Every structure is written in structure tokens, then in C-alpha cells.
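Everything on this sheet refers to the single structure shown next.
The values are calculated or read from the model by the stated rules, or taken from the named source; none is laboratory data. The model shown is predicted, which means the values in this text are computed figures rather than measured ones. Neighbour counts are summed over all protein chains in view; Cβ atoms, including those assigned to glycine, are modelled from backbone coordinates with ideal geometry.
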Amino acid sequence: MSELFSWKDDYATGCEIIDNQHKKLFDIINELFTAFEGAFAESQVPRILKELEEYTIYHFSTEERLFVEKNYPLKDQHKQEHDHFIQKIRKFKLDLESGQNNLLAFDVMITLKDWLIGHILGSDHKYIPYLCKN
Ligand SMILES: [Fe+2]
Ligand SMILES: [Fe+2]
């Protein structure tokens, strides 16, 4: 199994609930990569993509709930990034359903992965002093 997305300690926020959710997102994306390469991509990719969409929404809602609880000053712009990412996933799903070839879809998937790493290291890490330290 190829694993393009491996957890690094640099990604940690120190909030256990958040780090566990990020790890789970990594697992789902790795599952997606593996499915793309496998013989049953057509039957598995839509299911995993749905799981990615649902789990991403769940994870973002966890962060956004903490933003409100802790009165995080950058919450509005952070939520905008979340909304934008959910749109990206939905567009990717639609493109796949409308029969875009898998090679292009693979590129888009790498874009999703890169976005997620960039978001964790950039925007998520900005909330550490507000959310993840006492
Ligand atoms: Fe996050
Ligand atoms: Fe976030």
C-alpha cells in the first residue's frame, strides 16, 4: 500500500482531540490514494470520498465550536478557509461523477492533500496559543 500522507510531529497542535482528527483525515486520504491505484477504484472511490467529505465537515465543526468557546479572534477567516475546502471536495466529487478521467482526478486529489497540510501548518497552528494551551 502506498502512503503519500504520513503523520509528522510537526503537524501536532497539542490539542489531543484535534490531532486525533487530523490523523484520521490522513488515514482517509491514504485510503483514497490506495483505492485510486487498485482494481476496484470505481466502486470504492465514491464511498471513501463521501467519508472524507463527512469527516472533514465533522472536524471543521469541532474546530469552529472551539473557536466560539475560546473567542478566537481569527475565527471568521478560518471558517472561510474551511468552507472553501468543502467546496473543493464537492467539486472533486462532481467532476468524478461526471466522468473526468482518473489521471486528472489523481492530480486534484494531490491538491486536496497539499491544501490540508498547508492549512494545518498555517491556519490551524495559529490557534494553538488560544485553543491548545492553558
Ligand atoms: Fe484542522
Ligand atoms: Fe482548520
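Yes/no matrix, rows are residues, columns are (1) at pLDDT below 95; (2) within 13 Å of ligand 1 (Cβ to nearest atom):
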residue	(1), (2)
48	yes, no
56	no, yes
71	no, no
82	no, yes
92	yes, no
97	yes, no
110	yes, no
If you go through segment 58-76 one residue at a time, do you hit one that is polar (S, T, N, Q) and on the phi > 0 side of the Ramachandran plot? yes
Does any residue of segment 71-78 turn out to be away from ligand 2 (no atom under 13 Å from the Cβ) and part of a loop (DSSP other than H, G, I, E, B)? yes
Conditions (1) closer than 18 Å to residue 131 by Cβ; (2) within 16 Å of ligand 2 (Cβ to nearest atom); number of the one not met by residue 89: (1)
If you go through segment 69-80 one residue at a time, do you hit one that is of a type outside the set (D, E, K, R), within 18 Å of the chain's Cα centre (by Cα) and closer than 20 Å to residue 7 by Cα? no
Which ones in segment 123-134 are more than 9 Å from ligand 2 (Cβ to nearest atom) and either in a helix (DSSP H, G or I) or modelled with pLDDT of 95 or more (or both)? 125, 126, 128, 129, 130, 131
Mind checking which pairs have a first residue in segment 26-53 that is of a type in the set (S, T, N, Q) and a second that is outside any helix (DSSP H, G or I), Cβ under 6 Å, 6 or more apart or different chains? 30/3; 30/5; 34/1
Residue 75 vs. criteria charged (D, E, K, R) and in contact (Cβ under 8 Å) with a residue 12 or more places away in the chain: no
Flag for residue 21 being touching a Ser or Thr at 6+ places or on another chain (Cβ under 9 Å), at pLDDT 95 or above and not acidic (Asp, Glu): yes
In segment 1-22, residues that are of a type outside the set (Val, Ile, Thr), surrounded by 14 or more Cβ atoms within 10 Å (Cβ to Cβ) and within 16 Å of ligand 2 (Cβ to nearest atom) total 6
For segment 26-54, enumerate the residues that are surrounded by fewer than 16 Cβ atoms within 10 Å (Cβ to Cβ) and of a type in the set (Phe, Trp, Tyr). 40
